[in-house]
Amino acid sequence: MHLTKDTLRADVLRHLTYTLGKDAPHASAYDWRMALSYAVRDRIMGPWFQSTRRTWAEGRKRVYYLSMEFLIGRLLQDAVVNLGLDDLAREVMAGFGQDFMGLVEGEPDAALGNGGLGRLAACFMESMATVGCPAYGYGIRYEHGLFRQRFEGGQQVESPEDWLTQTNPWEFPRPESAYTIGFKGQIEGERWVPGETVVASAHDTPVIGWQGGWANTLRLWAAKPTTLFDLDRFNRGDHTAAAEPEALARTLSRVLYPDDTTYQGKELRLKQEYFLTSAALQDILRRHLAAGLSVADLPAHVAIQMNDTHPAIAGPELIRLLVDEHAMAFDTALETARACLGYTNHTLLPEALEKWPTYMFGTVLPRHMQIVERIDSWHRRTFHPPHYVGIVKHHEVRMGELAFIMSHKVNGVSALHSELVKTSLFPELHRTHPGQIVNQTNGVTPRRWLAMANRPLSGVITQAIGPGWEADLDRLKGLENHIEDKGFRDAFQAAKRQNKQALAGWIAASQGVQISPDALFDVQVKRIHEYKRQLLNILQTIAHWHRLRETPHASAVPRVKIFGGKSAPGYAAAKEIIHLINDVAAVVNADAQVGDRLKVVYPANYNVSMAERLIPAADLSEQISTAGMEASGTGNMKFMMNGAPTIGTLDGANVEILQEVGAENFFLFGLTTDEAIRRRETPNQSARAIEGSEMLKIVLQLIAEGRFSPDQPDRYHGLLHRIWHHDHFLVAADFDAYDAAQARVDQAYADPEIWVRMAARNTARSGFFSSDRTIRSYMKDIWNIPPAL
Ligand code: 26W
């Protein structure tokens, strides 16, 4: 991958001229970014073709990662960093009078996901390319990704996102790879005659690994009509009706469902899930057969991973294709499918578990309904589970049970979560299929989240332990030997300070709030959800504010509370929390008495790019979910890598973070999973907790009086009533412990020599949380694929 400045320069100019049709003196920043993107993209073609050739020449088994979400973010800088073109690209673009980072920031995020599950899929794609795991990601090419968020009067307002209004330089349309997808209709004999059809048309994006050693394909499907246009109707003057088939088909890939963790039984969603899954499976079979292999050999060559239950129709669909189109016997088809399929569970929340009314499922997918019933009876006959266990129950098709039964391995995403999958989500199926549930603790890609997002710290790391840690993250352990070296500690601190200064500049410019880089940057960024307890954080912020006002002259560690995250549009309780955070921010930030000692900022429209700014500048990572409710968390790992200690509960992967980093470098508080379950059963548990906490009483009183909503003093009375009387998420029960943990944070931060050691130890001990480790573990335990690199 040796590339001189002159070649890259010439390539950028060539694309500007011949691909974009622009003369340099008239080129806009957009044109320059596109030209650079194409020039960089050219460098991916070599490894991409090479990887594909090797996979087929060596008859390698491939993984197919089926996901309704891929939360990718921007790709230009990622490609540049992975190809090692970072310095070159800066220099070349500067030569054209263009600021490289300015161009990078012009790229719209590919926001084809809601949160953790979608971002995990994107990290996995990058890691599969880095470790040399032959893989295809399959998803939907949503025209509109996750909605844009803005605040009006402190409240969330959504508007459509439209990343595709600009040309997407990273994708290749593949109109020749198209499949017909059927819905509804009848069964005639054993044959399904769909009543509606659409075409799934492929768009490929290459995914390049570290140092360009391997590249895989992300294949996203766009829905197209089978018949383009009703010409007869058009000629008769009925112009709107003429376009109907097109409009109908397009709705399928029009928009990403913005519901994170609340499931709604909408027919369009079921159709989207089947659209993705059927297109992917037809493509997998076509490729397998084109290589001259037989359908019976499928499990030796193909591993299919279902990212949650969203593509769980893959079980019945693969059986349908094998039985109806390849004349395989039903039981053989079922065993073949099971040998290929794996299912990852990402949530225990009952409201997130997909269940389809049998009438809807049977109407949209009549053949699959028959197959599901046969799978259920095969399962009963073969394994004799307890009589009440089944896929179809109470007139619903339960996708969790379907995915479980149709897979050879089921996995949770952290050690704690995987145990809870065994004991509380699928206890009977676990007893019926011992050993089928395994753990695969999540990870994140250190290329995007450290090498790319945090250049200052990456430089310090390379200076200390040499290059190459980016693809061998356990090597960060070597930083431990430098922690007692004052020069290293100063450099570590200086890198953090540089990131904080950059963030302060961005916040001043975008939010109009001045924050001091001397303050402790305390960051909670993630979807807004009651179980993640942003409410606990803002209540403690109020307590802190109150104390500062009571003791105006006491020396205190200055803090900036930073929030980021979107609520599902229909999630009223989450939207109320957003409103409260913004209301508190307005009061606190205008309080001259408190001044720089406390600021609250909540920039709107948190996304992958914003995470890349915020996380490297964070001093403290807020991971404060109610124990037993966060499957893993992956933001927690990104903060740790970037040298921000965690304040958190024993939940999800926090447990493993604590284990790796040690209790001295983690601010632990709160009830455990078992204690939380018992506490909820205690009568009046929240009222008792409030009565027992002087500070919490004051905080709730301030809100009740309308101190943060003077224009509408009773604005939060509903919210307060819920804290007093329900409080399922145990905000009151954990308040004092959280407040005390925050005091320990202040104490530690007050001594920079203590703090920098803690921060550096977090980075040094974060190697386990590389998604390379996660992917190698899936390859070994679930996919049975050896690495090609
Ligand atoms: C059907 C509605 C729906 C949509 C999305 C239900 C559930 C989901 C996802 C499972 C929610 C999700 O993103 N889960 C998160 O997955 C991450 C990656 O494993 C974990 O780190 C998070 O803890 C988990 O909340």
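Just so you know, all these numbers are worked out from the coordinates, no wet-lab data involved. Bear in mind the structure is a predicted one, so any value in this text is a computation, not a measurement. Don't worry about glycine lacking a Cβ; one is built from the backbone with ideal geometry, like all the others, and counts go over all protein chains shown.
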> Expressed as a rounded percentage, what relative contact order does the chain have, with Cα pairs under 8 Å and six or more residues apart?
Replying inline: 13
>> Between residue 359 and residue 781, how high is the FRET efficiency from 1/(1 + (r/R0)^6) when r is the Cβ-Cβ distance and R₀ = 41 Å? Nearest 0.05.
In response: 0.60
>> Under the √(5λ) rule applied to the eigenvalues of the Cα gyration tensor, what semi-axes describe the equivalent ellipsoid of the chain? Give them in Å, descending.
In response: 42, 34, 27
>> Cross-link candidates for residue 393: which aspartates and glutamates have Cα within less than 12 Å, leaving aside residues fewer than 8 places away along the same chain?
In response: 373, 376, 401
>> Please list, by residue number, everything in segment 194-235 whose backbone N is under 19 Å from a paramagnetic label point 7 Å out along Cα→Cβ of residue 180.
In response: 194-202, 222-231
>> Using alpha carbons only, how many angstrom separate the centre of segment 87-123 from the centre of segment 252-269?
In response: 28
> Taking other Cβ within 10 Å of each residue's Cβ, how do 664, 244 sort, fewest first?
Replying inline: 664, 244
>> Relative contact order for segment 324-410: what percent, with Cα pairs under 8 Å and sequence separation of 6 or more?
In response: 47
> How high is the FRET efficiency between residue 728 and residue 167 when r is their beta carbon distance and R₀ equals 51 Å, given to the nearest 0.05?
Replying inline: 0.60
>> Distance between the C-alpha centers of segment 596-615 and segment 444-492? Whole Å please.
In response: 24
>> Please compute the modelled spin-label separation between residue 711 and residue 377, points set 7 Å along Cα→Cβ, answer in nm with one decimal.
In response: 6.4
>> With a cut-off of 8 Å between alpha carbons and a minimum separation of six or more residues, what is the relative contact order of segment 658-762 in percent?
In response: 37
> If one computes the Cα centroid of segment 139-209 and of segment 500-577, what distance in Å separates the two points?
Replying inline: 36
> Angle, helix 752-764 long axis vs. longest principal axis of the chain, Cα atoms, 0 to 90°, nearest 10?
Replying inline: 10
>> With viscosity set to 1.306 mPa s at 10 °C, what whole-number translational diffusion coefficient in µm²/s follows for segment 643-789 from Stokes-Einstein and a Kirkwood radius over Cα pairs?
In response: 86
>> Within a 10 angstrom radius of the beta carbon, how do 496, 599, 393 rank from fewest other beta carbons to most?
In response: 393, 599, 496
>> Just want the answer: with Cβ charges of +1 for Lys and Arg and -1 for Asp and Glu, which residue in 468, 93, 258 is farthest toward the dipole's positive end in the chain?
In response: 468
> Where does helix 534-550 land angle-wise versus the long Cα axis of the chain, in degrees 0 to 90, nearest 10?
Replying inline: 10
> Say a paramagnetic label sat at a point 7 Å from the Cα of residue 721, along Cα to Cβ; which residues of segment 518-539 have their backbone N under 13 Å from it?
Replying inline: none
> With each pseudo-label sitting 7 Å past Cα toward Cβ, what's the residue 474-residue 56 distance in nm, one decimal?
Replying inline: 3.6
> Between residue 158 and residue 297, how many nm apart are label points set 7 Å from Cα along the C-beta direction?
Replying inline: 4.7
>> Can you find, among 172, 227, 127, the residue sitting farthest towards the positive end of the charge dipole of segment 108-249, where Lys and Arg contribute +1 and Asp and Glu -1 at Cβ?
In response: 127
>> What do you get for the angle between helix 86-95 and the principal long axis of the chain? Use alpha-carbon atoms, 0 to 90 degrees, nearest ten.
In response: 80
> Could you name the lysines in cross-link range of residue 697, using Cα to Cα under 24 Å and dropping any fewer than eight places away on the same chain?
Replying inline: 532, 561, 575, 599
> Working out 0.36 nm times the residue gap between residue 556 and residue 674, then minus their Cα-Cα distance, what length gain in nm do you get to one decimal?
Replying inline: 38.9 nm
> How big is the Rg/Rh ratio for segment 57-205, C-alpha atoms only, Rh by Kirkwood, two decimals?
Replying inline: 1.06
> In this model, which of 486/638; 224/422; 61/184; 422/526; 266/566 are farther than 32 Å apart at the alpha-carbon?
Replying inline: 224/422; 61/184
> If we count other beta carbons within 10 Å of each Cβ, what is the order of 575, 500, fewest first?
Replying inline: 575, 500
> Assuming R0 = 51 Å, what is the FRET efficiency of residue 486 and residue 737, from their Cβ-Cβ distance, to the nearest 0.05?
Replying inline: 0.90
> In deg cm²/dmol and to the nearest 500, what is the mean residue ellipticity at 222 nm of the chain if only DSSP H runs of at least 4 residues count, each as -39500 (n - 2.57), divided by the residue total?
Replying inline: -13500 deg cm²/dmol
> Which one of 672, 563, 603 is farthest out on the positive end of the charge dipole of segment 556-681, using unit charges on Cβ (Lys, Arg +1; Asp, Glu -1) and the Cα centre as origin?
Replying inline: 603
> Which stretch or stretches of segment 574-592 have amide N atoms under 15 Å from the point lying 7 Å from residue 513's Cα along the Cα→Cβ direction?
Replying inline: 578-592
